[in-house]
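Before any comments, here is the structure.
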Amino acid sequence: MAQIINLDVVYRILRRAAKAKEILAYFELSDEYQAATQVYIHYRGWGPSLGDVSRRCTNAGFPPVSTIVVVNKTGLPGYNYWGHVAGAPRTYNRKAWERIRDSVWRTSWPVKLP
């Protein structure tokens, strides 16, 4: 049975990291989510939820906040980010990702998920 992920909690974690100009590895997101909810989500299970959070952000005129969640080995977002998240490059492109990441870091994020 699939876990139901609380998108408000995910957004709070991403908002905190964005305000601190951090990037998070998927496993770090799992750890922070577990600390907040007592529910463990495997690091490979974040794709759909991160897409949902970023879609809500981009629909409200913000950059895709999931841009700051990366694969530990590469320092770049995983497969589901590229070409699947609104506002994200269609293929691996470090310079484009850095521009979006910087935009995420500069954004004044609302307290609640848009």
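The values are calculated or read from the model by the stated rules, or taken from the named source; none is laboratory data. None of these values were measured; they are calculated from a predicted model. Ideal geometry is used to build each Cβ from the backbone, glycine not excepted, and the neighbour counts take in all protein chains shown.
Keeping to segment 42-61, report how many residues are surrounded by fewer than 19 Cβ atoms within 10 Å (Cβ to Cβ) and not basic (Lys, Arg).
11
Surrounded by 17 or more Cβ atoms within 10 Å (Cβ to Cβ) and at pLDDT 90 or above: which single residue out of 67, 107 fits that description?
On inspection, the qualifying residue turns out to be 67.
Which residue pairs have Cβ atoms under 8 Å apart, sit 6 or more places apart or on different chains, and have a first residue in segment 76-95 that is in contact (Cβ under 8 Å) with a residue 24 or more places away in the chain and a second that is assigned to a loop (DSSP other than H, G, I, E, B) and among the hydroxyl-bearing types (Ser, Thr, Tyr)?
88/81
Among the hydrophobic types (A, V, I, L, M, F, W, C) and surrounded by fewer than 17 Cβ atoms within 10 Å (Cβ to Cβ): does that describe residue 17?
For residue 17, the condition - among the hydrophobic types (A, V, I, L, M, F, W, C) and surrounded by fewer than 17 Cβ atoms within 10 Å (Cβ to Cβ) - is not met.
Filter segment 1-39 for residues that are in a loop (DSSP other than H, G, I, E, B), at pLDDT 95 or above and not hydrophobic (A, V, I, L, M, F, W, C) and give the result.
Within segment 1-39, 6, 21, 22, 38 meet the criteria.
So if I check each of 38, 3, 34, which one is loosely packed, with under 14 Cβ neighbours inside 10 Å and in contact (Cβ under 8 Å) with a residue 12 or more places away in the chain?
Matching residue, one of 38, 3, 34: 3.
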